[in-house]
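First up is the structure itself, then whatever we jot down about it.
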Amino acid sequence: MPAALIGVDIDRLLERASEMVEACADSVPVRENPALTLGALLGGFALRGRDKVTFVISEKIATLGEWLEQLLAESTGKDDKGLARSTGALGAPAGVREDRLFVAIQLKDDAPLPALDAIEPPPPRLPPDAQDP
């Protein structure tokens, strides 16, 4: 009801939701399932220390980020472990962001998200036994 009140095309919303239900069905091969892919990536990166998630989201659905952040924290935040949302400037110095993972969510017809241009890749890590030149 709230979506309809703010002018969202409910038929289109339900159509897209139906498409995602099909794309994420248990009959879809693991490597083709976007939900499993995202879950595996989030879990894998968290195990490697990237446990702070920053969402970069299309303006039209920006408030979705607040719900996703809450869902993420409640679903994974157990026993002092899990994923937490990260805030701050996207282009912050790489040393500050070594524990961050960026997830871009945009509408199918949107142009690329300009905020992604501000993200700087972290410097490469040397193996623990390597010496810095």
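The values are calculated or read from the model by the stated rules, or taken from the named source; none is laboratory data. The shown structure was predicted, so the numbers you read here are calculated from the model rather than taken from an experiment. Backbone-built Cβ (ideal geometry, glycine too); neighbour counts: all protein chains shown. In case anyone asks, the SASA skips ligands and DNA or RNA and just uses the protein heavy atoms, side chains included. Shrake-Rupley method; radii C 1.70, N 1.55, O 1.52, S 1.80 Å.
Solvent-accessible area of R12, probe 1.4 Å, all protein chains present, reported in Å² to the nearest ten, please. Surface open to solvent at R12 totals about 110 Å². For I105, the residues whose modelled amide H falls within less than 5 Å of its own, excluding neighbours fewer than 5 places apart on the same chain, are V56, I57, S58. The residues neighbouring S58, those whose beta-carbon lies less than 12 Å from its own, together hold a net charge of -1 under the Lys/Arg +1, Asp/Glu -1 convention.
Extending 7 Å from the Cα toward the beta-carbon at both L41 and D79 defines two label points whose distance is 2.7 nm.
Below 29 Å, Cα to Cα, which lysines can K78 reach? Residues fewer than 8 away in the same chain don't count. Cross-link targets: K52. Sorted largest first by accessible area at a 1.4 angstrom probe radius, with every protein chain in place, the residues V53, V103 fall in the order V103, V53. Take E22: with every protein chain present and a 1.4 Å probe, its accessible area is about 130 Å².
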